[in-house]
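What follows is calculated from the coordinates using simple rules that are stated; it is not laboratory data. Quantities reported herein were computed from a predicted structural model and do not represent experimental measurements. With ideal geometry, Cβ positions are generated from the backbone for all residues, glycine too; neighbour counts draw on all protein chains shown.
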Amino acid sequence: MSISQKLSLALVGTAVVFMGANPAGAVSLTKGGSAPVEGQGSKSTIVGSQVIDFNSGTAVDPNGFATYSATNGIVQGSQSGAYATPFGDTSKYLTISPLDSSVAGGTGSVTINFAQAIDYFGLYWGSVDAYNFVDVYSGGTLLKTFSGADVPGAEASGSWTSNADNVFVNLLADKGETFDKVVLRSNGRAFESDNHTYRLASVPEPGSMLGLLAFGALSAGSLVKRKSKMA
């Protein structure tokens with residue numbers, strides 16, 4: 001096998017490794033959103049994002065990219081021992097309670113699948129509890145799990161009125177990384193959230209990536225031939 005062929009194979013191998021790489025833990029959690037707006041709660045300030053606010057009474061994405069596994073947890077107001085409206089939010093929101101709970105949203109979890117890869121997901125997290133969890137996936141691989149205790153500055157005590165426990169949370173993929181599924185789940189009553197927000201990722205087309213690598217392989221082969229002629 002010639003040197004140019006070996007270089008070409010090496011570059012192709014590098015392409016496979018590069019395109020398949022998506023290291024675990026490539027998502028970070030921060031907090032930060034607007035102040036509650038006219039009874040709608042806190043909203044994302046991330047530019048270029050799309051929002052799902054549940055005001056229609058359903059968990060349906062008006063933009064058509066997100067699909068929810070359960071839609072029976074859309075509520076408004078508070079119910080003692082069941083769910084509490086996020087602070088400053090008098091609109092409809094999503095609540096999740098343990099499986100088979102005799103309350104709205106008793107599904108244990110809600111899975112949100114995205115038709116295209118995203119690099120950002122945010123939500124207004126009400127009365128943050130340590131038993132609330134957010135799982136982030138890419139291609140079926142779990143990248144990261146966050147609990148209410150991971151929210152910066154949160155007491156995770158489930159307070160209905162505390163600024164520390166009613167916050168907008170942002171999940172941001174590291175540079176060059178994406179995810180396509182988010183699972184919200186709770187081991188207790190309840191996980192309340194509103195204003196789900198996401199941003200479609202801008203990623204290079206696989207064909208374009210392979211084209212660039214193929215060009216690199218050809219260039220490497222030409223360089224070897226030129227050096228051979230000069231020897």
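With a ≥ b ≥ c taken as the square roots of the eigenvalues of the C-alpha gyration tensor of region 39-202, please select rounded if a/c is under 1.5 and otherwise prolate if a/b is larger than b/c or oblate if it is not?
On the way: a/c = 1.44, a/b = 1.38, b/c = 1.04.
Rounded, since a/c falls under 1.5.
Amide H to amide H under 5 Å from residue 143: which residues, 5+ apart in sequence or cross-chain, H placed 1.01 Å off N in plane?
Long-range HN contacts for residue 143: 136, 137, 138.
Sort 110-118, 185-193, 149-157, 56-64 by the packing proxy (mean of other Cβ within 10 Å over each peptide's residues), most packed first.
On the way: 110-118: 17.7, 185-193: 23.4, 149-157: 15.7, 56-64: 13.3.
Highest mean packing first, the order is 185-193, 110-118, 149-157, 56-64.
What residues of region 178-202 lie in the reach of a label at residue 60, counting those whose backbone N is under 20 Å from a point 7 Å from the Cα along Cα→Cβ?
194-198
Taking 0.36 nm per residue of sequence separation and subtracting the Cα-Cα distance, how much length would be gained by fully extending the chain between residue 78 and residue 29, in nm to one decimal? Could the numbers behind the result be given before it?
Numbers: separation 49, 0.36 × 49 = 17.64 nm, distance 2.73 nm.
Residue separation times 0.36 nm, minus the Cα-Cα distance, leaves 14.9 nm.
Given the C-alpha centroids of region 40-56 and region 106-139, what is the distance between them in whole angstrom?
Taking the Cα centre of each part, region 40-56 and region 106-139 sit 14 Å apart.
Multiply the residue separation of residue 149 and residue 99 by 0.36 nm, subtract the distance between their alpha-carbon atoms, and state the gained length in nm to one decimal.
Numbers: separation 50, 0.36 × 50 = 18.00 nm, distance 2.16 nm.
Taking 0.36 nm per residue and subtracting the Cα distance, the gain is 15.8 nm.
If you plug each phi of region 128-137 into the Karplus form 6.51 cos²θ - 1.76 cosθ + 1.60 with θ = phi - 60°, what whole-Hz ³J(HN,Hα) values come out, in order, with x for Gly and Pro?
Each residue of region 128-137 in turn: 3, 10, 5, 8, 8, 9, 10, 9, 10, 10 Hz.
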